Ligand code: HPA
């Protein structure tokens, strides 16, 4: 069983990954964000893909989500763990914490969001009641507990278009909608994985309080970057546990 990790902002490479080879996959949907890295992490085979490119140059609305997911399926990934930076909306989602969302609301627009848009012999509507894979979420929760990581075990991810951050009013609306975190890459990634029947879960790292919360007047990228550096150390600990389950 091979785990594929899609690394987001703050995780363009995986500490401790023994790289075996990099493979560029040409897909019917164009090029993925970069070559897929095949390697060994703590003795287990894994694949790794940097969502924004290895040089972090592809903004969230330009990521070729279809090519990324198709490529991982093509290479026989069995699970996808997405690592993503988010802004915290709920009280308990303070900067630095890890959170495993169980729901998502899509506020993105004009992204290529389906494999079932053309050349169909029949219209396809996937079930998406529970967008994240239950089994993989359960493993994440167990792994975090075993590693002594105080993760938030559920929450609703609000996926915004970006690349700009949100207004304070947009965050108030998202809070009223029931979002506990905000990020820019959760959709269509998770839906595309479901369309290809690839079990997918997200480990989100809270990088900052979302716009306008807790008396904040601006969201500082410098703060986001330093919080993510420490958050990713936790992600790495979590992966060590997850990989052996
Ligand atoms: N908003 C959207 N995406 C994000 C944020 C945010 O505040 N922080 C990290 N990714």
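Taken together, the values in this text are just the output of simple stated rules run on the coordinates, not laboratory data. Bear in mind that the values here come from a model prediction, so they are computed numbers and not experimental data. When we count neighbours, we look across all protein chains shown, and the Cβ atoms used for this are built from the backbone with ideal geometry, even at glycine.
Quick notes on this structure:
- Beta bridges assigned by DSSP with both partners in the chain are antiparallel in approximately 35 percent of cases.
- A Förster radius of 22 Å, combined with the Cβ-Cβ distance separating residue 61 from residue 13, puts the computed FRET efficiency at roughly 0.40.
- Span from the the stretch 186-245 Cα centroid across to the the stretch 1-75 one, whole angstrom: 16
- Pairwise Cα inverse-distance average, inverted: Kirkwood Rh of the chain (Å): 18.0
- Where labels lie 7 Å past Cα in the beta-carbon direction, separation of residue 169 and residue 2 in nm: 4.9
- Beta-bridge orientation, the stretch 1-122: approximately 55 percent antiparallel, per DSSP, counting only bridges with both partners inside.
- Fewest-first sequence of 47, 1, 181 by Cβ atoms within 10 Å of each Cβ: 1, 47, 181
- The share of Cα pairs per 10 Å bin across the stretch 76-186, counted from zero up to the longest distance, runs 12, 39, 33, 14, 2 percent.
- Across 36, 104, 126, mean-square fluctuation computed from a Gaussian network of the chain (C-alpha pairs under 10 Å connected) peaks at 126.
- For the stretch 126-245, alpha-carbon Rg relative to the globular expectation (2.2 N^0.38 Å, N residues): 1.14
- Segment residue 244-residue 110, extension gain: residue separation times 0.36 nm, minus the distance between their alpha carbons: 44.4 nm
- Volume per residue of the C-alpha convex hull in the stretch 164-210, rounded to whole Å³: 90
- Grouping the Cα pair distances of the stretch 71-133 into 10 Å bins from zero gives a pair-distance distribution of 13, 35, 37, 12, 3 percent in increasing distance order.
- Overall Cα dimensions of the stretch 1-76 - principal axes, largest extent first, Å: 34, 26, 17
- Entry note: the stretch 4-135 has Rg to Rh equal to 0.97, where both radii use alpha-carbon atoms and Rh is the Kirkwood radius.
- Cα-only Debye scattering, the stretch 176-245: base-10 log of I(q)/I(0) at q = 0.17, 0.23, 0.25 Å⁻¹: -0.87, -1.15, -1.18
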